[in-house]
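The structure appears right after this line, and notes come after that.
The values are calculated or read from the model by the stated rules, or taken from the named source; none is laboratory data. Computed from a predicted structure; not experimentally measured. Backbone-built Cβ (ideal geometry, glycine too); neighbour counts: all protein chains shown.
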Amino acid sequence: MATPIRVPVRRRSVKQAPPQAGLAGAAPAISAHDELVAVKASLESMNAKLNGVDPNALSDAEHETWSDEINKVDLAIARVRNSLLNGIVAEFEDAMPGIQASTARAEASLAKLTKFVDIINAVSGVLGVVENIIALGK
């Protein structure tokens, strides 16, 4: 039975911001997004190291194990990416009502401004006619 290939992987620590003033001793919360980004970076590092192995130097059993490990890491990276995208979509969906309300207010303001422009154009047209009448009277 072939022994599985062991590729050394350096663990990356997730950097945390220093505790906020007034919360002495309280550990800052790490967002799920930040955790997923760190996991993705770790998996990508592991993937790079696995891809750095020369497959031609492996026995058939080792090659199969190596190939399975690469596939597992690739699948894990894809799942993390999907999770990150789902989080972005969820944040967008949460923000959507505010965006729609702001858009509705902007449309209402634009409609008012358009009415004012129409009034100004009508008044300037009348003033132009008055100016022409005055000019004819001279």
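Per-structure values
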| item | result |
| --- | --- |
| Of all residues in the stretch 33-51 being of a type in the set (G, A, S) and touching a residue at least 12 places away in the same chain (Cβ under 8 Å), the one that is nearest to I88 (Cα to Cα) | A38 |
| Residue check for T65: touching a residue at least 60 places away in the same chain (Cβ under 8 Å) and part of a helix (DSSP H, G or I) | yes |
| Test: residue in the stretch 69-85 that is surrounded by fewer than 10 Cβ atoms within 10 Å (Cβ to Cβ), free of Cβ contacts under 8 Å to residues at least 12 places away in the same chain and over 24 Å from D34 (Cβ atoms) | no |
| Test result for V80, modelled with pLDDT of 90 or more, in contact with a Lys or Arg (Cβ under 6 Å, 6 or more places away or on another chain) and of a type outside the set (K, R) | yes |
